[in-house]
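The values are calculated or read from the model by the stated rules, or taken from the named source; none is laboratory data. These numbers were taken from a predicted model, which means no experiment stands behind them. Glycine also receives a Cβ, built like all others from the backbone with ideal geometry; neighbour counts cover every protein chain displayed. These accessible areas exclude ligands, DNA and RNA; they are computed on the full protein's heavy atoms, side chains included. Shrake-Rupley method; radii C 1.70, N 1.55, O 1.52, S 1.80 Å.
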Amino acid sequence: MSVILVFLLVVMAAIFWWLARQGLFSKPWLEVGVIGGMAAPDPTPSLVARIGLAVFLVVVGSLFALTVSAYLMRAGQGDWRSVRLPGILYANTFALLVSSLALETARTGARRGDLESVRTGVLAGGFTALVFLAGQLVAWRQLNAEGYYLASNPANAFFYLVTALHGVHVAGGLVALGRVTRKMLRGAGVAELRLGVDLCATYWHVLLLIWLVLLGLLTGRIGDFVAICRRLLT
């Protein structure tokens, strides 16, 4: 439950920050010109797309917050046997980190009007994301070969659940990135690619953050951190 509360606090803080940037604290009766000194709202579809992505990410974050909360509650039962994590998970984490950095490079290039940086970043980001997914499948095969079957223990089931949920979201992101790549290969300019690259980069950063939280959960570090916080609060 504490995980969900922390997530809701983060979401509320983000909403409050966004509203503040829109002039929440401005005083219209004292303003001259544009209220709050802010530019008029962007009438183009890009604002709609960004808000749509933000709403979707809140839904995705809620799903993972509930999963993490369920994991922590179930891990306290006596029949819980932790999974021995294969080392390839750390290599997969590095691949996802590189993927996120590549898309950030593409986004920076799109803002500068550098088409070559966009191409390099998009292709590298997509390739390393595929490497991440392939590595996750290898991790599954290794655990299965070592006898960590899905139904053998609740810890095994949760491992496959959280990694599958995250993998599905990475695969969904690859579909969107594939559309950007197809447009790029057909000769689209930077202006046409800018919005798609920007949205994909934001999505990838959130997926990386979620994966780091999940990895901390699977290694037990988040459970230890939560236990320390509970002791401090009580």
Expected single match for out of contact with any Gly (no Cβ under 6 Å at 6 or more places or on another chain), farther than 30 Å from residue 193 by Cβ, open to solvent by 30 Å² or more (accessible area, probe 1.4 Å) and without any contact (Cβ under 8 Å) to a residue 24 or more places away in the chain among 151, 134 is 151
Checked against (1) more than 26 Å from residue 184 (Cβ to Cβ); (2) assigned to a helix (DSSP H, G or I), residue 108 satisfies every condition except (1)
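Yes/no matrix, rows are residues, columns are (1) touching a helix residue (DSSP H, G or I) at 6+ places or on another chain (Cβ under 9 Å); (2) of a type outside the set (A, V, I, L, M, F, W, C):
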residue: 110; (1), (2): yes, no
residue: 128; (1), (2): yes, yes
residue: 131; (1), (2): yes, no
residue: 145; (1), (2): no, no
Within region 61-87, of all residues that are of a type in the set (Gly, Ala, Ser) and open to solvent by 50 Å² or more (accessible area, probe 1.4 Å), the one nearest to residue 150 (Cα to Cα) is 82
- Task: Answer yes or no as to whether residue 94 is open to solvent by 20 Å² or more (accessible area, probe 1.4 Å), aromatic (Phe, Trp, Tyr) and within 30 Å of residue 12 (Cβ to Cβ).
- Result: no
- Message: Taking the criterion of being aliphatic (A, V, I, L, M) and either part of a helix (DSSP H, G or I) or modelled with pLDDT of 95 or more (or both), would at least one residue in region 77-86 satisfy it?
- Response: no
Scanning region 154-180 residue by residue, those closer than 23 Å to residue 118 by Cβ and open to solvent by 30 Å² or more (accessible area, probe 1.4 Å) turn out to be 171, 172, 174, 175, 176, 178, 179
Counting only residues in region 45-60 that are open to solvent by 60 Å² or more (accessible area, probe 1.4 Å) and more than 17 Å from the chain's Cα centre (by Cα), the one modelled with the highest pLDDT is identified as 48
Subset of region 105-119, residues free of Cβ contacts under 8 Å to residues at least 60 places away in the same chain and over 17 Å from residue 199 (Cα atoms), comes to 116
Within region 98-119, the residues that are open to solvent by 60 Å² or more (accessible area, probe 1.4 Å), farther than 22 Å from residue 212 by Cα and in contact with a Gly (Cβ under 8 Å, 6 or more places away or on another chain) are 116
